[in-house]
Amino acid sequence: MDVKRFRRAFWTHFNGSQRNEPNQELWDAEVSRSLDLCPDVEGKLSLKKQQLLNLAYRLLPENEAYLEIGTYHGKSLLSALIGNPLRPTFACDNFSEFDVNSLAITQENLRKYGLADAVTFYDCDFRDILTPDRLPVPIGLYFYDGAHDEDSQYLAIKRIEPFLADEALVLVDDWRFAPDSRSYAERGTLRATRESRHAWQLLYNLPARCNGDLAMWWNGVGVLSFQRQAESALVHAL
């Protein structure tokens with residue numbers, strides 16, 4: 001992923017500093033439905049987050065993949081893919097959270113939009129897919145929306161590094177910690193990046209005012225860049 005290119009596109013699409021301001025009209029159900037890429041699919045994301053995923057996926061090179069951990073009913077996955085040139089796409093969820101949540105629902109939603117064959121889906125714990133045979137293509141775009149306890153979030157970053165492209169974009173959902181979310185996404189992520197031998201940068205902290213903020217970024221999103229350091233540079237640094 002060309003991160004500089006993404007940053008230019010992000011700045012243009014979200015009108016610079018206005019990205020952190022609420023679009024109050026998005027609370028209107030008719031307005032939101034008219035802009036929603038897949039309005040008949042239930043999801044836990046705002047229109048801004050839909051647009052972020054779609055923009056980032058559009059910039060993926062042909063030889064890099066998208067990996068999404070935590071799909072719920074598939075709305076975030078569809079939001080990334082709809083209208084874009086398809087790239088290798090992997091998704092994983094063990095459907096252990098929420099009462100009405102299953103692989104069958106997600107697959108049916110993908111079928112409705114003609115994208116069932118575009119996704120390699122793993123119904124298991126995300127740690128079980130971190131093998132070269134299951135992730136054979138470098139991950140240029142990684143969206144993590146799985147368990148947000150600190151240990152899970154830490155491992156989600158720590159263990160993905162070998163599978164990332166040399167330059168990658170990483171989106172972490174539920175970045176906001178508050179009593180209504182109790183998400184340790186930021187804490188776990190930054191603990192892992194501080195320990196890394198590679199170069200990580202927090203590009204954007206996209207805010208929300210509550211968990212489910214339709215006018216902003218739902219419950220916040222952390223946008224990070226990853227740059228792999230060559231072994232020679234690592235040795236020299238030591």
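Within the range 126-183, how many residues turn out to be of a type in the set (Val, Ile, Thr) and at positive phi? Step through it out loud before you land on a result.
First, pick out the residues of the range 126-183 that are of a type in the set (Val, Ile, Thr): 129, 131, 137, 139, 157, 160, 170, 172.
If we keep only those that are at positive phi as well, we get none.
The qualifying residues number 0.
Just the residues that are modelled with pLDDT of 95 or more and in contact with a His (Cβ under 7 Å, 6 or more places away or on another chain), please, taken from the range 202-231.
Across the range 202-231, the qualifying residues are PHE226, GLN227, ARG228.
Restricting attention to the range 120-163, report how many residues are closer than 17 Å to LEU190 by Cα and assigned to a strand (DSSP E or B).
Count: 3.
Of everything in the range 120-141, what is within 15 Å of the chain's Cα centre (by Cα) and closer than 17 Å to TYR72 by Cβ? Give them in sequence order. Outline the logic, then answer.
Quick first cut of the range 120-141, residues within 15 Å of the chain's Cα centre (by Cα) only: 126, 139-141.
Across the range 120-141, the qualifying residue is only PHE126.
Within the range 42-56, track down each residue that is touching a Leu at 6+ places or on another chain (Cβ under 6 Å) and more than 14 Å from LEU26 (Cβ to Cβ).
ALA56, the sole residue that qualifies.
Give me the residue from the range 1-51 that is among the aromatic types (Phe, Trp, Tyr) and part of a helix (DSSP H, G or I) and, out of that set, modelled with the lowest pLDDT.
Per the criteria, the residue is TRP27.
With the condition kept exactly as written, say whether any residue in the range 63-83 is closer than 17 Å to LEU169 by Cα and over 17 Å from the mean Cα position of the chain (by Cα).
yes
Would you confirm whether any residue within the range 70-91 is crowded, with 17+ Cβ neighbours inside 10 Å, touching a strand residue (DSSP E or B) at 6+ places or on another chain (Cβ under 7 Å), part of a strand (DSSP E or B) and hydrophobic (A, V, I, L, M, F, W, C)?
Yes: one or more hits.
Being out of contact with any Pro (no Cβ under 8 Å at 6 or more places or on another chain), modelled with pLDDT under 95 and not hydroxyl-bearing (Ser, Thr, Tyr), is that true of even one residue in the range 85-94?
yes
Tell me which residues, restricted to the range 204-218, are closer than 24 Å to ILE160 by Cβ and surrounded by fewer than 16 Cβ atoms within 10 Å (Cβ to Cβ).
Across the range 204-218, the qualifying residue is only ASN205.
Could you list, in sequence order, all residues of the range 150-186 that are exposed (fewer than 15 other Cβ atoms within 10 Å of the Cβ) and either under 16 Å from the mean Cα position of the chain (by Cα) or without any contact (Cβ under 8 Å) to a residue 60 or more places away in the chain (or both)?
If we filter the range 150-186 for residues that are exposed (fewer than 15 other Cβ atoms within 10 Å of the Cβ), which is where we start, we get 151, 159, 162, 166, 178-180, 182.
Answer for the range 150-186, where residues must be exposed (fewer than 15 other Cβ atoms within 10 Å of the Cβ) and either under 16 Å from the mean Cα position of the chain (by Cα) or without any contact (Cβ under 8 Å) to a residue 60 or more places away in the chain (or both): ASP151, ARG159, PRO162, ALA178, PRO179, ASP180, ARG182.
Go through the range 166-190 residue by residue and tally those that are more than 28 Å from GLU21 (Cα to Cα) and out of contact with any Lys or Arg (no Cβ under 8 Å at 6 or more places or on another chain). Break it down into steps so the answer makes sense when it comes.
As a first pass, look at the range 166-190 and keep what is more than 28 Å from GLU21 (Cα to Cα): 166-167.
Pick out the ones that are also out of contact with any Lys or Arg (no Cβ under 8 Å at 6 or more places or on another chain) and you get none.
Going through the range 166-190 one residue at a time, the tally reaches 0.
The values are calculated or read from the model by the stated rules, or taken from the named source; none is laboratory data. Predicted, not measured: the structure shown is a model, and the values here were computed from it. Glycine gets a Cβ as well: all are built from the backbone with ideal geometry, and neighbour counts include every protein chain shown.
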